[in-house]
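What follows is a single structure, written as structure tokens, with notes after it.
The values are calculated or read from the model by the stated rules, or taken from the named source; none is laboratory data. Predicted, not measured: the structure shown is a model, and the values here were computed from it. Cβ sites come from the backbone with ideal geometry, for glycine too, and all protein chains shown count toward neighbours. Side chains included, ligands, DNA and RNA excluded: accessible areas come from the protein's heavy atoms. Shrake-Rupley method; radii C 1.70, N 1.55, O 1.52, S 1.80 Å.
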Amino acid sequence: MTTESTNVAILKDAYQRWHDTKGGSVEHWMSLMTDDISFRSLAQGAAPMKFTRAATSKDDVRQYFAGLAADWEMIYFRTNEFIAQNDRVVVLCDVSFRFRKTGKVAFTPKADIHRLRDGKICEFFEFYDTAIAAQATVA
């Protein structure tokens with residue numbers, strides 16, 4: 001098995017667990033990350049999604065997941081395609097979350113870019129429609 005196919009297999013399993021548990025597989029994701037993880041989001045910590053600020057440790061990433069779970073309820077997280085080259089895997093998704101305070105639902109395409117080192121995620125960057133997410137937070 002190539003490094004690319006191994007990395008894709010690791011992530012396919014993780015994303016399936018994420019979808020199946022509606023975001024309840026945080027500990028599995030944590031086990032897949034290096035201690036020096038670089039974890040970033042397009043929202044970059046902007047209000048009202050402050051939990052999306054850049055993370056540079058597993059503790060920071062735990063805060064991201066805690067903020068996500070506190071503010072948003074996952075409706076679905078569907079992966080469409082995994083694209084791998086060398087140590088990078090891009091995952092193209094369609095996701096839907098409900099903002100708990102307003103009850104509004106955000107639907108958006110999403111692209112996650114991972115870099116793996118020795119089978120562990122060392123870099124992550126997520127891209128999604130931040131305007132759609134922000135609109136869901138307004139009553």
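Overview of values
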{"quantity": "Index of the failed condition, GLN16 passing every other in (1) within 13 Å of the chain's Cα centre (by Cα); (2) open to solvent by less than 80 Å² (accessible area, probe 1.4 Å)", "calculated": "(2)"}
{"quantity": "Filter result for GLU27 (exposed (fewer than 13 other Cβ atoms within 10 Å of the Cβ) and either of a type in the set (Val, Ile, Thr) or part of a helix (DSSP H, G or I) (or both))", "calculated": "yes"}
{"quantity": "Residue list for region 10-51, restricted to those being in contact (Cβ under 8 Å) with a residue 60 or more places away in the chain and basic (Lys, Arg)", "calculated": "LYS12, ARG40"}
{"quantity": "Number of positions in region 4-15 that are among the polar types (S, T, N, Q) and in contact with a strand residue (DSSP E or B) (Cβ under 8 Å, 6 or more places away or on another chain)", "calculated": "2"}
